[in-house]
Each structure stands twice: as C-alpha cells, then as structure tokens.
Amino acid sequence: MSMTVGVARLTFLIHDNRSLKGKRKVVKSLVEKCRHRFNVSVAEVDDQDLHQRTTIGVAIVSSDARLLNSLLDQIINYLDSLQLAELAAQEIELIPL
C-alpha cells in the first residue's frame, strides 16, 4: 500500500494591518477555521515578522493522491472565501512515499 503526503503553501496579504497583534488575529482565525472544518495539520510557516503578509502551510496524509489534491483545492477555496486576507500565492505538492 502506498502513502502520499499532500502539502499546500499559501501566502496571504493582510491589507490595512498595522500591527503584529492584528495579524495574529487574522492568522489564528484562518488556522482554527481550517483545522475545525477539515481536520488537517495547519500552521503559519513563514513571514512571522511581517505585518501585512503571512504564509500558511497545510499537510494531509492519504493513500489516494486524487483525494488529497481535491481536498487541498477545497481548503484553498475555503480559506480564500473567508475574505480575512487576500490569497496572493499558492503551491500544492503531492509527495508519494
């Protein structure tokens, strides 16, 4: 049986934000909503010191690569639809193990 790890790297712009405290509120909301709705591993992975940008990583493990790809697409669409920040860039990688 094979295993595939699906990883998404999402960069969001947080317009009109002037503080790390304001950014933390947005990042926490994105991360918690994603965890709650999809039960996946998610965390801020880059741009921690910038006020108006964050990069969030999402990771999922499955035996079905097509399901992983579909689920990552759903997660990206969901986080973008929340309109808490502007989705500026996205990358998806499927890693067969």
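Any read-out appearing in this document is the output of simple, stated calculations on the displayed coordinates, not a laboratory observation. Since we're looking at a predicted model, the values are computed, not measured. Counting neighbours? That spans all protein chains shown, and the Cβs are built from the backbone with ideal geometry, glycine included.
Please find, among SER29, SER2, the residue that is among the hydroxyl-bearing types (Ser, Thr, Tyr), loosely packed, with under 15 Cβ neighbours inside 10 Å and part of a helix (DSSP H, G or I). Show your work before the answer.
On the way: SER2 fails: part of a helix (DSSP H, G or I).
The conditions single out SER29.
Go through segment 5-26 and report how many residues are in a helix (DSSP H, G or I) and over 16 Å from THR55 (Cβ atoms).
Taking segment 5-26 as the starting set, the residues that turn out to be in a helix (DSSP H, G or I) are 20-26.
Then keep just the ones that are over 16 Å from THR55 (Cβ atoms); that gives 21-22, 25.
Number satisfying all stated conditions: 3.
Among the candidates LEU84, LEU68, LEU20, single out the residue that is more than 30 Å from MET1 (Cβ to Cβ) and either surrounded by 14 or more Cβ atoms within 10 Å (Cβ to Cβ) or of a type in the set (Phe, Trp, Tyr) (or both).
Step by step, each of LEU84, LEU68, LEU20 is checked, and only LEU84 is more than 30 Å from MET1 (Cβ to Cβ) and either surrounded by 14 or more Cβ atoms within 10 Å (Cβ to Cβ) or of a type in the set (Phe, Trp, Tyr) (or both).
With the requirement that a residue be within 18 Å of ASN77 (Cβ to Cβ) and of a type in the set (Lys, Arg), what does segment 16-53 give you?
LYS33, ARG35, ARG37
How many of the residues in segment 51-97 are part of a strand (DSSP E or B) and without any contact (Cβ under 8 Å) to a residue 60 or more places away in the chain?
Counting residues in segment 51-97 that are part of a strand (DSSP E or B) and without any contact (Cβ under 8 Å) to a residue 60 or more places away in the chain gives 10.
Inside segment 66-84, can you point out the residues that are out of contact with any Cys (no Cβ under 9 Å at 6 or more places or on another chain) and of a type in the set (Ser, Thr, Tyr)?
Those that are out of contact with any Cys (no Cβ under 9 Å at 6 or more places or on another chain) and of a type in the set (Ser, Thr, Tyr): SER70, SER81.
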